[in-house]
């Protein structure tokens, strides 16, 4: 799971135990998918906690490692669902959409998961992360190009105690983590996640229900 805070393996393991313990992200993906059944691919590094969570939610995906030039090793039109989370689709590139449309069957779907911001977690970062600003705007690459829509999932980082929250947040983000931890009244942080979803070719099939 290529989160901006998880570059150190030990820290990634600690984070995986607090992120969305309620399972809201996988439920949202399943509602847009569904996840269970054949013809599913996930673009991520094999063996990550994210892949384990997809499998626990009923998916048995072909795992495709992220690359600068995306290649999904399946015949044309053989997938019904492609899920990408954090590691890929850092914005939208024409060659990525072309490869997705090649691999998806008619009526197939692409689901892209990124942080949305406007939450407690985004205050841990001091950079100008595009996922917090440009990507979710109408003029941003997802909503401007190729027929993406967005669903925002309101999740949490949930800790066993305020003390556990303080220790992990300091390790994650130093002084910023300390400041966030000191504001907490409950041992959890709000974490808003965007699911950018797009039908093959950018247009919903005639029998698809309207979705936001």
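For this structure, a couple of remarks:
- Of all residues in the range 62-80, those satisfying the criterion of being touching a residue at least 24 places away in the same chain (Cβ under 8 Å), touching a helix residue (DSSP H, G or I) at 6+ places or on another chain (Cβ under 7 Å) and surrounded by 14 or more Cβ atoms within 10 Å (Cβ to Cβ) are 70, 72, 74, 78, 79.
- In the set (1) within 30 Å of residue 92 (Cα to Cα); (2) part of a helix (DSSP H, G or I), residue 128 fails one condition alone, (2).
- Unique residue being in contact with a helix residue (DSSP H, G or I) (Cβ under 9 Å, 6 or more places away or on another chain) and assigned to a loop (DSSP other than H, G, I, E, B) when the list is 176, 186, 151: 186
- Scanning the range 26-51 for residues that are modelled with pLDDT of 95 or more and in a helix (DSSP H, G or I) yields 26, 27, 28, 29, 30, 31, 32.
- Of the criteria (1) in contact with a strand residue (DSSP E or B) (Cβ under 6 Å, 6 or more places away or on another chain); (2) over 27 Å from residue 134 (Cα atoms); (3) surrounded by 15 or more Cβ atoms within 10 Å (Cβ to Cβ), which one residue 21 fails: (3)
The values are calculated or read from the model by the stated rules, or taken from the named source; none is laboratory data. Predicted model only: the values in this text are computed from it and were never measured. All Cβ positions, even for glycine, are placed from backbone atoms using ideal geometry, and neighbour counts span all protein chains on display.
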